[in-house]
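Here is the structure we will look at.
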Amino acid sequence: MKIAVDGPAGAGKSTIARLVARHLGLRYVDTGAMYRAVTLAALRQGVDMSDEDALLRVATSMDLNIVFQGEKGNVIYLDGEDVTALIREPDVTAHVSTVSTHKKVRDFIVALQDQIGKQGSVVMDGRDIGTVVMPDADWKIFLQATVEERAKRRQREMERRGVQVDMGDMQEQIRKRDYLDSTRENSPLKKAVDAIEIDTTSLDVAEVVQKVLDLVQGEA
Ligand code: CDP
C-alpha cells in the first residue's frame, strides 16, 4: 500500500506519517529531509542559493543515505555523517525552500523518491507526493492547520531541542515558507484533486493518526 502525506510546514506530516507507517508495518520516507540534506551540504560549501547548476552539483555529488528506523523515523547520513539533527537547524530551515524551488534539484531528488516508491509499500510525506512523486498512491492525505497553530507546534518542537524562538518570528517564517512552497513553478505545494484533507488545528497526534488509520483500513 502506498500512502502520500502532504501539507504545509507544521501541519504534522512527519509525526503522523511515521506513526501511521509504524502501525501498518510500512516504510516511512521523509522527503523534506532530502531537500534539507542538499541545503546543509550547500551551506557548508558556501554555494550561492540562487545558483541552480551549483546546487545540482552539490546534490549529485553528495552521498545521501536514508536509514528507516521504525521508532526513530528516518536517520539521515550525509557523506557518512549522521546529520539527522543538523538538518533541522534554523539556518537550514531558512534556506531549504529556496533550494527546493530549483527545477534541476527537484528533478534529481524526485527521481530518487521515485525509485523508493517503486520498491513497494511506503508512507511518504512532503509537498508534492500526491501530485508528482506518487500520483498513483492508494491514499492521499493532505494535512492542514492554521498558521498560528503550526507556529505554536514548531515553537514547542524547537524548545524541546533547547532553542528559544519568538512566536511572531516563527509565524513570519512559516508564512514565508508557505508562500515560497505554494507559488513556485515546479511541483508546488498543492492538494491533489483526489486527496483527503484533514484539518489538524484542534486535533492531537493520536486523533489524527486514528483518522488516517480508519480511512485506510476502511472504517471511515
Ligand atoms: O517539516 P517541515 O514541514 O518544516 O519541512 P520539511 O518537510 O522538512 O520540508 C522542508 C522544505 O523542503 C519545504 O518547506 C519545501 O520547501 C521542501 N520540500 C519540497 O519542496 N518537496 C517535498 N516533497 C518536501 C519538502
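The values are calculated or read from the model by the stated rules, or taken from the named source; none is laboratory data. Please read these numbers as outputs of a predicted model, since none were measured by experiment. Backbone-built Cβ (ideal geometry, glycine too); neighbour counts: all protein chains shown. SASA here: full protein model, heavy atoms, side chains in, ligands and nucleic acids out. Shrake-Rupley method; radii C 1.70, N 1.55, O 1.52, S 1.80 Å.
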Would you compute, from DSSP H runs of 4+ residues alone, the mean residue ellipticity of the chain at 222 nm, taking -39500 (n - 2.57) per run and dividing by the full residue count, rounded to the nearest 500? -15000 deg cm²/dmol
Which one, 183, 23, 143, projects farthest toward the positive side of the charge dipole computed for the chain from Cβ point charges (K/R +1, D/E -1)? 23
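DSSP loop GluC sites (Glu not before Pro) in the stretch 1-104 with at most 14 other Cβ atoms within 10 Å of their Cβ, which ones?
Working: sites: 52, 71, 81; in loops: 71.
Here the sparse-neighbourhood loop sites are 71.
Quick one: putting +1 on the C-beta of Lys and Arg, -1 on the C-beta of Asp and Glu, what dipole do you get for the stretch 2-210 around its Cα centre, in Debye to the nearest 20?
Numbers: 29 positive and 34 negative charges, 51 e Å.
Approximately 240 debye in magnitude.
Please tell me the relative contact order of the stretch 114-220 in percent, rounded to the nearest whole number, where contacts are Cα pairs under 8 Å and at least six residues apart.
Details: 83 pairs, mean separation 38.1, N = 107.
Result for the stretch 114-220 is 36 percent.
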By a straight-distance test (C-alpha under 16 Å), which lysines pair with residue 211 as possible cross-link partners, with residues fewer than eight away in the same chain excluded? 13, 140
What spacing in nm lies between the two simple spin-label points modelled at residue 191 and residue 206, each 7 Å away from Cα in the Cβ direction? 2.7
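Could you list, in their original order, any pairs among 118/191; 72/104; 72/103 whose Cα atoms are separated by more than 29 Å? Intermediate values should be presented prior to the final figure.
Working: 118/191 22 Å; 72/104 31 Å; 72/103 31 Å.
Exceeds cut-off: 72/104; 72/103.
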With all protein chains present, the chain has a carbon and sulfur share of its accessible area (1.4 Å probe) in percent of 49
Solvent-accessible area per residue for the stretch 2-210 (1.4 angstrom probe, square angstrom): 47
For the stretch 49-143, what's the relative contact order in percent, using C-alpha pairs closer than 8 Å and at least 6 residues apart? 22
Rg in Å to one decimal, and Dmax rounded to a whole Å, for the chain via C-alpha atoms: 16.4, 51
For residue 196, other-chain or 5+-apart residues with amide H closer than 5 Å (H placed, Pro excluded) are 140, 141, 142
Part-to-part distance (alpha-carbon centres) for the stretch 127-192 and the stretch 20-50, which is given in Å: 14
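For the stretch 165-207, which GluC sites (Glu not before Pro) are in a loop by DSSP, counting at most 14 other Cβ atoms within 10 Å? Before the final figure, lay out the partial values.
Working: sites: 172, 185, 197, 207; in loops: 185.
Listed in order of number, the matching sites are 185.
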Extended-chain gain in nm, criterion 0.36 nm per residue less alpha-carbon gap, residue 169 and residue 91: 26.7 nm
Relative contact order as a percentage, the stretch 2-210, C-alpha pairs under 8 Å and 6+ apart, gives 33
